[in-house]
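The values are calculated or read from the model by the stated rules, or taken from the named source; none is laboratory data. As the structure is a computational prediction, the values presented were derived from the model and not from experiment. Here the Cβ positions follow ideal geometry from the backbone for every residue, glycine too, while neighbour counts run over all protein chains shown.
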Amino acid sequence: MSELMPKEIKEAVEIDPNEGKFTKNPDRIASARHALGGLFNFLYHQDSARFMVATTVVIVMLALALRVPRVEVLLLVLMLGVWWVTELVNTAVEAVVDMVTQDYHPLAKVAKDVASGATLFATVINVVIIIGILAKPILEFFNLL
């Protein structure tokens, strides 16, 4: 099968992502604990996390209180999840860049700006979807529609 692969794909497949790691942890429970530790680190140390928790709770509770259809609530939850993931990845990228260099470097700036841009993009898409889903039920609730 590998002889049918283009050279670039074959080279990428042959790279072992575990090679050179300090530790290899086959324990899935320990891996989950480390992941939760990272999430709690984010929640405790990032100012944006408190805003995100509050926003997520308010939007989901509002959608449920306004009896938004289930599929639309699931779309809201999905998009909020994407927003969370982009912010978590942005935080990880910033931490790695800061670990590698404290000095200004144009590539460090690009890495941080692109990761931050992903979060901004996810935020804008979320706002559009939230307005699109919640505007009508809110207007109907206040008898404005």
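What the table below lists for this structure:
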quantity	calculated
Out of VAL58, VAL85, VAL96, sole residue that is aliphatic (A, V, I, L, M) and farther than 20 Å from VAL128 by Cβ	VAL96
Filter result for ASN90 (over 15 Å from VAL60 (Cα atoms), touching a helix residue (DSSP H, G or I) at 6+ places or on another chain (Cβ under 7 Å) and at pLDDT 95 or above)	yes
Residues being touching a helix residue (DSSP H, G or I) at 6+ places or on another chain (Cβ under 7 Å) and aliphatic (A, V, I, L, M) - total across region 126-145	5
Candidates VAL68, VAL77, VAL100 - the one that is on the phi < 0 side of the Ramachandran plot, under 14 Å from the mean Cα position of the chain (by Cα) and among the β-branched types (Val, Ile, Thr)	VAL77
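Quick grid of which residues meet (1) without any contact (Cβ under 8 Å) to a residue 40 or more places away in the chain; (2) in contact with a Ser or Thr (Cβ under 8 Å, 6 or more places away or on another chain); (3) assigned to a helix (DSSP H, G or I):
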position: THR91; (1), (2), (3): no, no, yes
position: GLY117; (1), (2), (3): yes, no, yes
position: ILE133; (1), (2), (3): no, no, yes
position: ASN143; (1), (2), (3): yes, no, no
